[in-house]
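Student: Mind looking over this structure? Questions follow.
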């Protein structure tokens, strides 16, 4: 048993461009998201009905999380935060289907997302204070704190990515152990807990921590 | 310095890795206490102001997840020790 990404096949002969199950399921969830977005936003009208209500509910739910922490800029950050939230949410929930691995149960995925958030945080800080003003902010209140501040800033993407990775992989390992002990019926509530509940909470938390980092960099 | 044969050395490393993984998970105590403390405070806050339930829940979850980070670090270290990634 190996919790890491499993190599399924190689593109271009052997040993070149390994394709892992993370990659396959990640692209599958992207296709699911695009298809669902196309379906939910076809024939929009002023009076929402049916499926349009679902789309508006998702957008407003994410907007209500952003607006209190970044006042007046909810719509500016909505596409970024909503992309992260929906992708991680679908990636966490797709592991409930037997035979599919979570794309978020791979450190490559989560670290990539956390690095994107890290770059956005740096950009927003520089946009708010100017490049030199933002860099000078690391040396405050006294110059001796400069290395500690820089290490604290670099620790953010690591803790951000390890949190999601550890939660998903830990749940997956527990479910695998239970399957080896009791294959029938007993794992079902565990799927409900580790797959659905923890997955949804972790997707929400990843987006909210990204908002919190951005609002810390801007204040 | 004793010279072990490679098989014995691999066995010792495996054994010590499993013991170390178990020891790393002792860190699970701290986040448990901290998250329970935050949940208790949030419960009394909801009791005092039931209309502020939504914001209290959001703040509690954010704080709990930040304090759960240390437990997750120990879990990741334990996974790395066991599977030797």
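The values are calculated or read from the model by the stated rules, or taken from the named source; none is laboratory data. As the structure is a prediction and not an experimental result, all values here were calculated from the model. Here Cβ is always computed from backbone atoms with ideal geometry, including for glycine, and neighbour counts include all displayed protein chains.
Student: Out of the helices (runs of 4 or more DSSP H) lying entirely within chain B, which hold 3 or more residues that are exposed (fewer than 13 other Cβ atoms within 10 Å of the Cβ), at pLDDT 90 or above and more than 12 Å from chain A (Cβ to nearest Cβ)?
Tutor: B:6-24, B:29-48
Yes/no matrix, rows are residues, columns are (1) surrounded by 15 or more Cβ atoms within 10 Å (Cβ to Cβ); (2) under 30 Å from residue A:211 (Cα atoms); (3) within 14 Å of chain B (Cβ to nearest Cβ); (4) modelled with pLDDT under 90:
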position	(1), (2), (3), (4)
A:1	no, no, yes, yes
A:5	yes, yes, yes, yes
A:10	no, no, no, yes
A:31	no, yes, no, no
A:36	yes, yes, no, no
A:45	no, no, no, yes
A:59	no, yes, no, no
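Student: Any idea which residue in the range A:191-217 is farthest from the other protein chains (Cβ to nearest Cβ), counting only those that are surrounded by 15 or more Cβ atoms within 10 Å (Cβ to Cβ) and modelled with pLDDT under 85?
Tutor: A:191
Student: Checking residue A:74 against (1) more than 30 Å from residue B:54 (Cβ to Cβ); (2) touching a helix residue (DSSP H, G or I) at 6+ places or on another chain (Cβ under 6 Å); (3) at pLDDT below 90, which single condition isn't satisfied?
Tutor: So residue A:74 meets the others, but not (1).
Student: Which residue out of A:55, A:101 is over 15 Å from the mean Cα position of the chain (by Cα), surrounded by 15 or more Cβ atoms within 10 Å (Cβ to Cβ) and in a loop (DSSP other than H, G, I, E, B)?
Tutor: A:101
Student: Among the residues of the range A:72-98, which ones are within 19 Å of residue A:117 (Cα to Cα) and not in a helix (DSSP H, G or I)?
Tutor: Selection gives A:73 alone.
Student: How many residues does the range A:165-174 contain that are more than 9 Å from chain B (Cβ to nearest Cβ) and either closer than 12 Å to residue A:95 by Cβ or in contact with a helix residue (DSSP H, G or I) (Cβ under 6 Å, 6 or more places away or on another chain) (or both)?
Tutor: The total comes to 3.
Student: Another question, then. Could you grab me the full set of residues in the range A:140-163 that are touching a residue at least 24 places away in the same chain (Cβ under 8 Å) and either more than 13 Å from every other protein chain (Cβ to nearest Cβ) or under 17 Å from residue A:119 (Cβ atoms) (or both)?
Tutor: Listed by number, the residues that qualify are A:156, A:157, A:158, A:160, A:161.
Student: Is it fair to say residue A:89 is crowded, with 20+ Cβ neighbours inside 10 Å, in contact (Cβ under 8 Å) with a residue 40 or more places away in the chain, within 21 Å of residue B:75 (Cβ to Cβ) and touching a helix residue (DSSP H, G or I) at 6+ places or on another chain (Cβ under 6 Å)?
Tutor: No: the conditions fail for residue A:89.
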